[in-house]
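The values are calculated or read from the model by the stated rules, or taken from the named source; none is laboratory data. In this text, all values refer to a predicted model and were calculated from it rather than measured experimentally. Glycine gets a Cβ as well: all are built from the backbone with ideal geometry, and neighbour counts include every protein chain shown.
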């Protein structure tokens, strides 16, 4: 495990301490879980941004292919 020094806004620290006293969880564990949660959230945002970018790259070609399929005569 890595050790870090962290500066936290006073209001965030006070709020965190209140929560910790109610849930009976060590501060270190709570902060690790919070960072893990935020990392997962950020990874989802990064993935969403990448998928939107890639979707826009193929959008024009996809519309052309769709139009081609619509124009196919499916005569029996």
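I'd like to know if segment 33-47 contains one or more residues that are on the phi > 0 side of the Ramachandran plot and out of contact with any strand residue (DSSP E or B) (no Cβ under 9 Å at 6 or more places or on another chain).
No, every residue in segment 33-47 fails to be on the phi > 0 side of the Ramachandran plot and out of contact with any strand residue (DSSP E or B) (no Cβ under 9 Å at 6 or more places or on another chain).
Given the criteria surrounded by 10 or more Cβ atoms within 10 Å (Cβ to Cβ) and over 27 Å from residue 3 (Cβ atoms), does residue 17 qualify?
no
Looking for whichever is outside any helix (DSSP H, G or I), at pLDDT 85 or above and surrounded by 10 or more Cβ atoms within 10 Å (Cβ to Cβ) here; the options are 8, 31. Which one fits?
On the way: 31 fails: outside any helix (DSSP H, G or I).
None of the others qualify; the one that does is 8.
Going through 25, 2, 67 one at a time, which residue ends up being assigned to a helix (DSSP H, G or I) and either exposed (fewer than 10 other Cβ atoms within 10 Å of the Cβ) or at pLDDT 95 or above (or both)? Steps first, answer last, please.
Working: 25 fails: assigned to a helix (DSSP H, G or I); 2 fails: assigned to a helix (DSSP H, G or I).
Within the list 25, 2, 67, the selection yields 67.
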